[in-house]
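Please read the structure below before turning to the comments.
The values are calculated or read from the model by the stated rules, or taken from the named source; none is laboratory data. Treat the numbers as computed from the prediction; the structure is a model and nothing was measured. Methodologically, a virtual Cβ is constructed for each residue, glycine included, from the backbone with ideal geometry; neighbour enumeration extends over all protein chains shown. The protein model used for the area step is the full one, side chains on, heavy atoms only, and it has no ligands, DNA or RNA in it. Shrake-Rupley method; radii C 1.70, N 1.55, O 1.52, S 1.80 Å.
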Amino acid sequence: MTTLPPDISIVDDMHLGRPHVIATYLLHGDAPAVVDPGPASTLDTLEAGLAAAGVPLRELHAIVLTHIHLDHAGATGELLRRFPHLK
């Protein structure tokens, strides 16, 4: 396991109810962002994980995508619909 800097957290998206399958990185700071929000089916889990890390979805500023596969980027459309301010 890699140790992360204190300004980066990992949220386990619990894909299909299973731990350690898909995760999202949370970049803390003045403009919090997520890296690869995961599939749309895990959005509720992502929301809960972000809240537990102290960053509600509405406080995100950006989504960073590594590539466009549904397991990495599937929740992006719903996030943009709900929070059109996201970059």
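Worth a mention:
- In region 18-59, the residues that are out of contact with any strand residue (DSSP E or B) (no Cβ under 9 Å at 6 or more places or on another chain), on the phi < 0 side of the Ramachandran plot, assigned to a loop (DSSP other than H, G, I, E, B) and open to solvent by 50 Å² or more (accessible area, probe 1.4 Å): Arg18, Asp30
- Among the residues making up region 68-87, those that are open to solvent by 30 Å² or more (accessible area, probe 1.4 Å), under 20 Å from Met14 (Cα atoms) and assigned to a loop (DSSP other than H, G, I, E, B) are Ile68, His69.
- Residue tally, condition free of Cβ contacts under 8 Å to residues at least 24 places away in the same chain and outside any loop (DSSP other than H, G, I, E, B), over region 1-15: 2
- Taken over region 45-71, residues that are at pLDDT 95 or above and among the acidic types (Asp, Glu) amount to 2.
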